[in-house]
Amino acid sequence: MLRLSEIYSSTQGEGPNTGIMTVFVRFAGCNMRCPGWPCDTPYAIEPSIWRHEAEKLGAHEVALRARVECEENAAVNVCFTGGEPFMQPHEDLREITRIVMAHGIPCEVFTNGSYIFPEWAFQTITFMMDWKLTGSGEAMNHRAQRYENARRLKVNDGIKFVVKDVEDLDEAARISSVLETRAQFWVGAAWGHIRDVDIVDYIKHNRLPWRLNVQTHKHIWEPTLRGV
C-alpha cells in the first residue's frame, strides 16, 4: 500500500516543466528533515501529521485518481513528490507509472536521491534529484546513494542544489565540477534566505553551466498554501 498525502493539479512551479499544468501525487513520509531551514511540506514529512492525514491506497486507485485529475484540469504531466517518493513500495510506483503513461501522460519525480533508483524508473520517469548541501543540515547523509544515482541519470534529468548562502554555492560548484553525471544542474534559493539575483550573479561570475531554479508557485500564491 502507498501512503498518499494529497493529489492536486496546478502549474509546475520548478524544474524543466515549469509552467506546465501538472497533477502532483504527493506521498507521505521522508527520511530527511533538513534542519537548516523549515521544510515547505511539513505535513508530508512529519509523522505526527501525516499519520493522521495520509490515505493508504493501492497503486490502481492512485493511478485512477491521477488520471481523473488530469482529465478534469487539462493536465499533461504527473509529478511524484513528497516527502520522499522512493520510500513507497517500488513496484507500486512502477504500476502507477505504467498506467498513467499508457494514457500518454509523462511522469516525473522530485526525490532526495537517498534510495537507489530502480532500473525500470530510468526507462520511464524524468528525475529531479535534490542534492543536499551543508546549509540543509543533511549534506553527509546518504552520500553513496546520491553519487550512484547521479552516475546513472540521463541527459534530460536534473540535479537540483538548494542553497542557503554563498558557502552553499561554493559547495555546489565543487560538487558539480567533479560529479560523474549526464544530468543538468539546477540551482535555487532556500526560501527566505539567499536572493535569486545573488545566485544569478554567482553563475555569471563563475561561468557555470547551471540553470536557475525559481519556485514560481511561491511567488503566485502564499508560500505555505497547500494544494495550489
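Provide a single number: the residues in segment 53-70 that are surrounded by fewer than 13 Cβ atoms within 10 Å (Cβ to Cβ) and either in contact with a His (Cβ under 7 Å, 6 or more places away or on another chain) or under 19 Å from Gln12 (Cα atoms) (or both). It would help to see each step written out before you state the result.
The first filter runs over segment 53-70 and keeps only residues surrounded by fewer than 13 Cβ atoms within 10 Å (Cβ to Cβ), leaving 56, 60, 68.
Those still in the list that are either in contact with a His (Cβ under 7 Å, 6 or more places away or on another chain) or under 19 Å from Gln12 (Cα atoms) (or both) too: 68.
Result for segment 53-70: 1.
Select from segment 106-123 the residues that are farther than 20 Å from His193 by Cβ, surrounded by 15 or more Cβ atoms within 10 Å (Cβ to Cβ) and of a type in the set (S, T, N, Q) and list them in ascending order.
Thr111, Ser114
May I ask you to list the residues in segment 124-144 that are in a strand (DSSP E or B) and in contact (Cβ under 8 Å) with a residue 60 or more places away in the chain? Please lay out each step first, then the result.
Taking segment 124-144 as the starting set, the residues that turn out to be in a strand (DSSP E or B) are 125-131.
Thr126, Met128 - these are the residues of segment 124-144 that are in a strand (DSSP E or B) and in contact (Cβ under 8 Å) with a residue 60 or more places away in the chain.
In segment 152-167, which residues are outside any strand (DSSP E or B) and farther than 22 Å from Cys107 by Cβ? Spell out the reasoning first.
We begin by selecting, within segment 152-167, every residue outside any strand (DSSP E or B); these are 152-157, 164-167.
Scanning segment 152-167 gives Lys164, Asp165, Val166, Glu167.
Evaluate segment 38-52: report whether one residue or more is assigned to a loop (DSSP other than H, G, I, E, B) and buried (at least 18 other Cβ atoms within 10 Å of the Cβ). Working first, answer last.
Just the residues of segment 38-52 that are assigned to a loop (DSSP other than H, G, I, E, B), to begin with: 38-41, 46.
Narrowing further to those that are buried (at least 18 other Cβ atoms within 10 Å of the Cβ): 41.
Taking every residue of segment 38-52 in turn, at least one turns out to be assigned to a loop (DSSP other than H, G, I, E, B) and buried (at least 18 other Cβ atoms within 10 Å of the Cβ).
Please verify whether His60 is touching a Pro at 6+ places or on another chain (Cβ under 6 Å) and more than 27 Å from Thr134 (Cα to Cα), treating the condition exactly as stated.
no
Of all residues in segment 40-75 being at pLDDT 95 or above and of a type in the set (Lys, Arg), which is farthest from Pro106 (Cα to Cα)?
Here the answer is Lys56.
How many of the residues in segment 24-39 are of a type outside the set (Phe, Trp, Tyr) and over 17 Å from Val109 (Cβ atoms)?
Just the residues of segment 24-39 that are of a type outside the set (Phe, Trp, Tyr), to begin with: 25-26, 28-36, 38-39.
In the following step, the residues that additionally are over 17 Å from Val109 (Cβ atoms) were identified as 33-36, 38-39.
Selection size over segment 24-39: 6.
Kindly provide the set of residues from segment 53-90 that are part of a helix (DSSP H, G or I) and either free of Cβ contacts under 8 Å to residues at least 12 places away in the same chain or hydrophobic (A, V, I, L, M, F, W, C) (or both), ordered by number.
Taking segment 53-90 as the starting set, the residues that turn out to be part of a helix (DSSP H, G or I) are 53, 59-73, 85-87, 90.
Correct list: Ala59, Glu61, Val62, Ala63, Leu64, Ala66, Val68, Cys70, Glu71, Phe86, Met87.
The values are calculated or read from the model by the stated rules, or taken from the named source; none is laboratory data. All values derive from a computational prediction rather than experimental measurement. Don't worry about glycine lacking a Cβ; one is built from the backbone with ideal geometry, like all the others, and counts go over all protein chains shown.
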